[in-house]
Amino acid sequence: NEIVSKVVEICLQQLVFAEGVPQAFEWVLNEISGNVLVHSNLSFGWIQVVTYKENHRLALIVCDSGIGIPGSMKKAFKFGDDREAIELAMRKGVTSNPAFGQGNGLAGALAIAQHSNGMFAITSHKGRVRVLDGKVEPTFHFPFYTGTCVEMQFPTDKEIDLPKALWGHDPVNHMELKFEDDKGDLAFDLREYASSFGNRITGERLRNLVVNLLKQNPGHAVKIQMTNVGIISSSFGDELFGKLFVELGAIDFSRSIKFQGINPICKSIIDMSIAQRVAQSSGYYQGGAS
């Protein structure tokens with residue numbers, strides 16, 4: 001759970017997601033990773049997630065070197081070859097271990113991929129099944145693949161209606177558990193996400209996080225705790241708050257972004273950064289670059 005949550009939070013800082021996409025991504029990652037621990041006869045596996053900012057895509061791979069889907073499915077089902085075993089495992093409600101699941105993990109991941117016009121593929125032993133553009137393509141795989149590899153790609157700029165994709169199921173997600181306060185707003189401590197606040201790279205990363213929190217929780221504010229932040233640079237202030245102010249507009253910024261525990265120095269730097277960014281975007285600012 002800790003690893004999955006960390007992966008989700010890293011991705012939230014890399015690019016901006018359309019509504020519903022982070023929740024769908026988290027659900028898929030949890031389900032497929034959980035399958036490794038339940039079905040592979042191993043206590044570990046591997047996760048790789050890649051974000052493609054320019055192409056607005058996210059790709060993930062979860063794999064293990066365990067007994068594989070055919071090895072797991074033969075405990076409870078009869079099938080012809082490894083391709084049929086994989087296709088069977090992808091069906092809703094099918095599981096080789098009813099004591100630990102309901103058989104909705106792979107089926108749900110497939111449904112999300114189809115809902116978002118993404119790609120979904122499973123390779124195990126001598127079989128591989130890929131779903132692309134709604135078409136199911138079962139093939140033999142060579143050489144023999146020990147264990148199971150699940151691949152998925154989907155766009156990050158297209159909204160995903162997760163309950164619709166998951167047959168009405170609306171799971172609790174990491175953002176609700178991690179960030180939501182008793183008023184329904186999302187709150188986080190700036191110090192928890194950076195050790196220093198002196199460069200634009202950090203500012204951009206945290207701006208992505210704030211924008212994602214706003215997008216996934218419309219109508220509520222993001223509260224930024226700055227009690228332990230002594231000073232920020234003008235570059236950081238501009239990248240995070242100046243650009244965010246211009247993007248949201250004055251009214252939405254003041255309504256959506258709430259500062260807690262901010263000291264006078266940081267407040268002054270943020271005010272100046274916003275003023276300069278607004279003037280620059282209007283064509284009036286003549287100051288130097290930082």
*What about residue 62, is it in a strand (DSSP E or B), within 18 Å of residue 113 (Cβ to Cβ) and free of Cβ contacts under 8 Å to residues at least 60 places away in the same chain?*
no
*For segment 1-46, what are the residues that are without any contact (Cβ under 8 Å) to a residue 24 or more places away in the chain and crowded, with 18+ Cβ neighbours inside 10 Å?*
45
*asked:* I'd like the residue in segment 171-187 that is open to solvent by 30 Å² or more (accessible area, probe 1.4 Å) and part of a helix (DSSP H, G or I) and, out of all such residues, is nearest to residue 255 (Cα to Cα).
replied: 176
*Can you name every residue in segment 209-251 that is surrounded by fewer than 22 Cβ atoms within 10 Å (Cβ to Cβ), more than 26 Å from the chain's Cα centre (by Cα) and among the aliphatic types (A, V, I, L, M)?*
229, 231, 250, 251
*Any idea which residue in segment 144-158 is surrounded by the most Cβ atoms within 10 Å (Cβ to Cβ), counting only those that are touching a Phe, Trp or Tyr at 6+ places or on another chain (Cβ under 9 Å) and assigned to a loop (DSSP other than H, G, I, E, B)?*
156
*Read through the list (1) modelled with pLDDT under 90; (2) in contact with a helix residue (DSSP H, G or I) (Cβ under 9 Å, 6 or more places away or on another chain); (3) closer than 20 Å to residue 140 by Cβ, then give the number of the only condition that residue 96 fails.*
(3)
*asked:* Suppose the filter is open to solvent by 10 Å² or more (accessible area, probe 1.4 Å), of a type in the set (Asp, Glu) and modelled with pLDDT under 90; does residue 161 pass it?
replied: no
*Return yes when residue 160 is under 22 Å from the mean Cα position of the chain (by Cα), among the aliphatic types (A, V, I, L, M) and under 27 Å from residue 70 (Cα atoms) and no when it is not.*
no
*How many residues are open to solvent by less than 10 Å² (accessible area, probe 1.4 Å), among the hydrophobic types (A, V, I, L, M, F, W, C) and closer than 16 Å to residue 58 by Cβ when one looks only at segment 110-143?*
4
*When you scan segment 196-239, how many residues do you find that are on the phi > 0 side of the Ramachandran plot and touching a residue at least 60 places away in the same chain (Cβ under 8 Å)?*
0
*asked:* Could you tell me how many of the residues in segment 188-200 are of a type in the set (A, V, I, L, M) and modelled with pLDDT of 95 or more?
replied: 1
*Determine whether segment 258-270 contains at least one residue that is modelled with pLDDT under 95 and buried (at least 20 other Cβ atoms within 10 Å of the Cβ).*
no
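The values are calculated or read from the model by the stated rules, or taken from the named source; none is laboratory data. These numbers come from a predicted model, not from an experiment. Ideal geometry is used to build each Cβ from the backbone, glycine not excepted, and the neighbour counts take in all protein chains shown. The accessibility values were calculated without ligands, DNA or RNA, using every heavy atom of the protein model including side chains. Shrake-Rupley method; radii C 1.70, N 1.55, O 1.52, S 1.80 Å.
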